[in-house]
Structure formats: C-alpha cells, structure tokens
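Notes follow the structure.
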Amino acid sequence: MTRIWWRGKNAGTLKRGGLVEVIEAKPNLDDIGGLECLKRWLSQRRPAFGAAARDYGLPVPKGLLIVGIPGTGKSLIAKATASVLQLPLLRLDMGRVFGGIVGQSEANLRSVIRTAEAVAPCVLWVDELDKACSGMAGSGGSDGGTSSRVFGSLLSWMQEKIKPVFVVATANDVSQLPPELLRTGRFDSMFFVDLPDAKERTSIWEIVIAGHHRDPRSCDLTALSKETEGFTGAEIEGAYREALHEAFAEGREPTPDDIHTAIAATTPVAKLMKERIEALRKWAKGRARDANTATSLADATSRPSRRVQSMN
Ligand code: ATP
C-alpha cells in the first residue's frame, strides 16, 4: 500500500523549498569508502528498530551525531542510514527554521516535529547543525534568544520523543555546538569522521571511478591513494571529475596523466584548515567514537596528524 503521509496538514512543510525535504535517492553502505566503524554500528543497530527489540526491553533508538572534516562523507552516511534502516528520509534545513516574524521560528520547529512524527518511523537528517547554533548566546551570537529557544525545544523533543524518529545530525564546527546537545540521552552515539587513511582512499577511488561508469581495475588504485594522501572523499571525487572534463572536452577517455594533473591542481582542505582539523581531533578525543576504524581515538589522532604533517 502506498503511504500518503505527505498529503496531510503538514504538506506545506514538506513541499519543495519547505522546511523539510524528502530525499528519495539514498546511497547504500557499499557506496561509501571506509568509515567501517560507523557502518558496523549502523548495521548492528538495525534490529533495534523492530518490535522484538521493544519486547526485549530496549528503548527506541534516538539518533546519531556525526561531526568531522568537511567532505569526508558525513552527508553520505546520514543518507545511507535510511537505507540501512529501510525507512523514509527527511532532511531538515535548520537555516530555514529561523526567520520571519516574532515566534515564526518556534512555530516552524513545531511544524517540523509534527511532520516527522506523522511520517514516523523515519530518519530525520538535521544537516549543518552547527550553523543553526551560531546565533546562540553561548557561541557569541545574539538573536534575542530565538536560537536558544528553538534549540531548547529541539533538545526537549529529542529527549522525550516516543515516536520512532531517528535523528541523524551532522556538523563540521563543533565549537558552535552547545554542551547540552552532547549530554547523554540526546543521541545514542557520537562519531568523529577523520580524513580517510590509505586503505579508505583506495576504496573511495574504486567507488568514485565505478560511480562514473568506468572500470576501477583500469587504474592503479594504490598509486592514486598514495598520491591523494590528505584528500577527503569529496576532493578525490572532484579531482576525478576534473580529469573527466578535461578528457571529454577533447573527445577521449581520461588518461593517468589527466588524473595526476587534476590531483596536482587540488589544494586539499587538510592543508587549508590544518589548525582547525587539529582542534577538531583534539575535541573529538575522548568525546566521540572514531568513525573510520575500530582503533581507539588515541591511536587514530596520532595517525592522521602524521598524514597532515607530511603534506607541509
Ligand atoms: P560537508 O560537511 O561539506 O557537507 P560531508 O562530510 O557531508 O561534507 P559529503 O557531502 O558526504 O561530505 O561528501 C561529498 C561527496 O564526496 C559525496 O557525495 C561523495 O561523492 C564523495 N565522498 C566523500 N566521502 C566519501 C566516502 N567515504 N566514500 C565515497 N565517496 C565519498
């Protein structure tokens, strides 16, 4: 039976350009290179959404907070969560919640919550949570307390919600996140996504090349991984696309030279944001789980540091 939840009284919230967007195209875990620890966690949690888990005495899973370096696949994993859990995916743009006349932001959030609960069971992806926090008093912003009130309501709902809405929040700038957000009980777990290591980059290259309808076996993936040390997944994809454009303009297939040239022309975020990345790793140590590997964060933080240092 086709569900017609989007025709209800919250349809305005869901329509194109509304507060919440329905994401139809959802990647699978196989479309994501690396992030093995986070993938394993998601796969293990899947049965926790079923009735058997309630009978067993387990609470409904609340959600996941994913913080990390831009372009490392946080959005991909947020979307893949809905595939793993086989649930509809709603994306909330927190930026759209704020604005308008006095009281509008609070009303917007209530509308979002009503919509998510009407669609439940579902995954609600709160994208760029950090940007929404930037107006809060604690982060130096001032908007007459609107951000704090909206956040307070969001947090209370997350704490108390009964309907099966699994919240996946993604953020880059942890300095903007209020401490109360990180308190136990809001999320089931918090993961930190670091730059991919050599093995993860090999796997990302393979996925990216195959995703552009070409045979990854035609490339030396190990060499490409080595050459892109310190690159994010988004930068690897960007370099490959650039090589494709170059070749397409000349009516031929991309050569290893095209790819090398595109890689050489890329300045990775690891180099541009070295200090911010180090600060992010420091913050994550002891607070968040390492999404990339099963190694402890203590090991992981020293490993990628060397990666970045080696680029200078
Ligand atoms: P931002 O914080 O800037 O929003 P992000 O961490 O959410 O970035 P994504 O938007 O998920 O990063 O990644 C951008 C693109 O880079 C993806 O659509 C994908 O094509 C590629 N990519 C990034 N990481 C991976 C990965 N681990 N495996 C495969 N592709 C990846």
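No lab work stands behind these numbers, since they all come straight from the coordinates. In this text, all values refer to a predicted model and were calculated from it rather than measured experimentally. Here the Cβ positions follow ideal geometry from the backbone for every residue, glycine too, while neighbour counts run over all protein chains shown.
Each DSSP beta bridge with both residues in the range 11-193 is either parallel or antiparallel, and the antiparallel ones are about 15%.
Using a 10 Å cut-off around each Cβ, can you sort TRP283, TRP125 from fewest to most neighbouring Cβ atoms?
TRP283, TRP125
Whole angstrom only: what separates the Cα centroid of the range 18-71 from the Cα centroid of the range 184-257? Between the Cα centres of the range 18-71 and the range 184-257 lies a distance of 23 Å. Beyond 24 Å in Cα-Cα separation lie the following of the pairs LYS39/LYS271; LYS131/LYS285; LYS62/LYS271: LYS39/LYS271; LYS62/LYS271. Amide H to amide H, with H built 1.01 Å from N, ASP173 comes under 5 Å of ASP130, counting only residues 5 or more places away or on other chains. Solvent-free Debye calculation, one equal scatterer per alpha-carbon of the range 11-193: log10 I(q)/I(0) at 0.10, 0.11, 0.18 Å⁻¹ equals -0.37, -0.45, -1.26. Here the gap between GLU275 and TRP41, fully extended at 0.36 nm per residue and compared with their Cα-Cα distance, gives a gain of 81.3 nm. Computed from the C-beta positions of GLU227 and ILE101, the FRET efficiency with R₀ = 45 Å rounds to 0.25. As a proxy for reagent exposure, ARG252, ARG45, ARG276 were ordered by neighbouring Cβ count within 10 angstrom, fewest first; the result is ARG252, ARG276, ARG45. Taking a ≥ b ≥ c as the square roots of the eigenvalues of the alpha-carbon gyration tensor, the range 198-270 is classed oblate because a/c is 1.5 or more while a/b is no larger than b/c.
Cβ crowding within 10 Å ranks LYS282, LYS163, LYS26 as LYS282, LYS163, LYS26, fewest other Cβ atoms first.
Applying 0.36 nm per residue to the separation of ILE162 and LYS131 and subtracting their alpha-carbon distance, the gain on full extension is 8.5 nm. The fraction of Cα-Cα pairs per 10 angstrom bin, counted from 0 for the range 141-274, comes to 10, 31, 20, 19, 16, 5 percent, rounded to whole percents.
The slack between LYS199 and LEU58, meaning 0.36 nm per residue of separation minus the straight C-alpha distance, is 47.2 nm.
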